[in-house]
1. Whole-Hz Karplus ³J(HN,Hα) for region 56-71, in order, using 6.51 cos²θ - 1.76 cosθ + 1.60 and θ = phi - 60°, x for Gly and Pro?
2. Antiparallel versus total DSSP beta bridges in the chain: what percent is that, nearest 5?
3. Please work out the Cα center distance from region 30-55 to region 162-226, rounded to the nearest Å.
4. Taking +1 at the Cβ of each Lys and Arg and -1 at the Cβ of each Asp and Glu, which of Val2, Val30, Phe71 sits farthest along the dipole of the chain towards its positive end, judged by Cα position relative to the Cα centre?
5. Would you work out what percent of the accessible area of region 119-223, with all protein chains in place, is carbon or sulfur (probe 1.4 Å)?
6. Tell me whether region 27-74 comes out rounded, prolate or oblate; compute the Cα gyration tensor, take square roots of the eigenvalues as a ≥ b ≥ c, and use a/c under 1.5 as the rounded threshold.
7. Would you mind getting the accessible area per residue of the chain, heavy atoms of the protein chains only, 1.4 Å probe, in Å²?
8. Ratio to report: Rg/Rh of the chain, with Cα atoms as the point set and Rh obtained by the Kirkwood method; give two decimals.
Amino acid sequence: MVVIPTFNEAANIARLIPQLLELNFDLLVVDDSSTDGTPEIVSAFAKQSERVHLLSRPGKMGLGSAYREGFARLLKDEYQVIIQMDADGSHRVADLRRMLEFQQDHPACDVVIGSRWTAGGAVENWPKKRELLSRTANLYSRKLLGLKVKDNTAGFRIYRSELLKKIKLSEVTSEGYAFQIEMTRSATMAGANIAEVPILFVEREFGTSKMSGKIIREALIKVTKWGLLQIIGRQLLMKRSETLLIMLTKK
């Protein structure tokens, strides 16, 4: 199953759904009350194919919330492989095919990330300011949280359901792009085998980007908080170890 959150993506979703149907997957579009005709377009496809499903929500509730609700529904329906991707055309179906081939060739891999910043990955039609922001955010989260993934903010992913069941999705609270970082962190803490496959990320042709100052602030605040908690946790562990060592030495 492919999960695609939408908010006013009519022009893009109309082009994306036919491409995904060629892959013989089920599709779940989680729409946050779009006003541009997005839900009507998805409903029209759903009438033509039983593999297309629409989950309409009462308002703009956020990216993270859309994925949490979508994941919960698909886990309940016992899907074994769950794919997440954007609706804006930046995630190419050609790259999804390559990611799927990798996932099938590596059954021990719990998460496959379509990565812009691993070797071979690239972006197209992005302004330098946007690229610098993404690279800096990934470097900051990687260093502060000790993550090995080079593209922690990537939203193009393939999850095995076993991993999503291990992660307590109700405790993943981020709503913007911090959601991707939090999922990477949660997967790492769950001992997941994570792999990155290089992709070409293409800037949208239609519609408006959802990036905002609020989203950037959320990511910065949360990553800093998680990093500080990890540092404090390590310090407490070291102190406990030192205390134990002293006690054993005295004995």
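The values are calculated or read from the model by the stated rules, or taken from the named source; none is laboratory data. The model shown is predicted, which means the values in this text are computed figures rather than measured ones. Because the Cβ atoms are built from the backbone with ideal geometry, glycine has one as well, and the counts that use them run over all protein chains shown. Just the protein is used for accessible areas: all its heavy atoms, side chains included, with ligands, DNA and RNA removed. Shrake-Rupley method; radii C 1.70, N 1.55, O 1.52, S 1.80 Å.
1. Listing the rounded values in order: 8, 10, x, x, 7, 9, x, 4, x, 4, 5, 5, 4, 5, x, 4 Hz.
2. Working: 7 of 27 bridges.
If we restrict to bridges inside the chain, about 25 percent are antiparallel.
3. 25
4. Of the options given, the answer is Phe71.
5. On the way: 3140 of 5430 Å².
With neighbouring chains kept in place, the figure for region 119-223 is 58 percent.
6. Details: a/c = 3.21, a/b = 1.26, b/c = 2.55.
It comes out oblate by the Cα gyration axes.
7. Working: 13120 Å² over 251 residues.
The answer is 52 Å² per residue.
8. Numbers: Rg = 19.7 Å, Rh = 19.2 Å.
Result: Rg/Rh = 1.02.
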